[in-house]
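No lab work stands behind these numbers, since they all come straight from the coordinates. Since we're looking at a predicted model, the values are computed, not measured. Cβ sites come from the backbone with ideal geometry, for glycine too, and all protein chains shown count toward neighbours.
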């Protein structure tokens, strides 16, 4: 059973009054934040404002690079060569890093977004492009990757510290990948379902859409800020972790 766990969320993706307010309300409940870097969403100003809130609550700050496709929010897979993936990840991470540095803040990690994350979970060439970009920008940055994925393996082989991630609000397939958002039930929206998946992941496994139980070993848990009732779910997750004595810490302090 887990003793320590990082709770992360993707933010800085909606520059609306409602989106900014939700991010601010979620921030005290998490330990790490992944800030959109201007690809699938975000802007320099929104990065700065999101990071400022994170700093106030002692939340570790990470870059959240995604495909430059705002129409689909970076969630539609695109046929891009690895050299282009490497360039866009490098550019977005460096942009986010510069914004942080200008405010005296430190970028701690990188977590790819959407289709980029899911493709790298199974495609070695794309995984290597992302890993190379992160390593070239700053080899001390942590890399978040789907637990047990190709990206996790490639990152560790390259000498990066990889944070194996699980999802509270996303359904899994039997091969360990996340179910496509186009599938019914791919996003777990109800409190009972998220609570059950949380309990399974704490025990080191998860029930898949094929109704098979597979092993999953995680160091960080993600709850998407755009999942319906995200604030209710975040409070429940935090309460459950505290109730069973799991210490919540940023990934820098979580052992595998």
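Under 10 Å, Cα contacts only: if you run a Gaussian network model on the chain, which one of 155, 19, 74 comes out with the highest mean-square fluctuation? Most flexible of the set in this elastic network: 19.
Could you work out which residue, out of 184, 60, 171, moves most in a Gaussian network model of the chain, that is, has the largest mean-square fluctuation with Cα springs under 10 Å? Sorting by GNM fluctuation, first place goes to 184.
Out of the DSSP beta bridges found with both residues in the chain, what percent are antiparallel (nearest 5)? List each step's numbers first, then the result.
Values: 5 of 32 bridges.
Here the share of antiparallel DSSP bridges comes out near 15 percent.
Which of the three applies to segment 183-256, rounded, prolate or oblate, going by the alpha-carbon gyration tensor with a ≥ b ≥ c and a/c under 1.5 meaning rounded? It is oblate, given that a/c is not under 1.5 and a/b is not larger than b/c.
With bins 10 Å wide beginning at 0, the percent of Cα pairs of segment 123-251 falling in each bin runs 12, 39, 34, 14, 0.
Of the residues 69, 79, the one with the fewest other Cβ atoms within 10 Å heads the list, and the complete ranking is 79, 69.
Where the alpha-carbon atoms of segment 49-138 are placed on the principal axes, they occupy 39, 28, 18 Å, in descending order. Ordered from longest to shortest, the equivalent ellipsoid semi-axes for the chain are 24, 21, 18 Å, each the square root of 5 times a Cα gyration tensor eigenvalue. Rounded to the nearest 500, the helix-only mean residue ellipticity at 222 nm of the chain stands at -12000 deg cm²/dmol, with each DSSP H run of n ≥ 4 adding -39,500 (n - 2.57). Using only the C-alpha atoms, the convex hull of segment 100-141 corresponds to 73 Å³ per residue.
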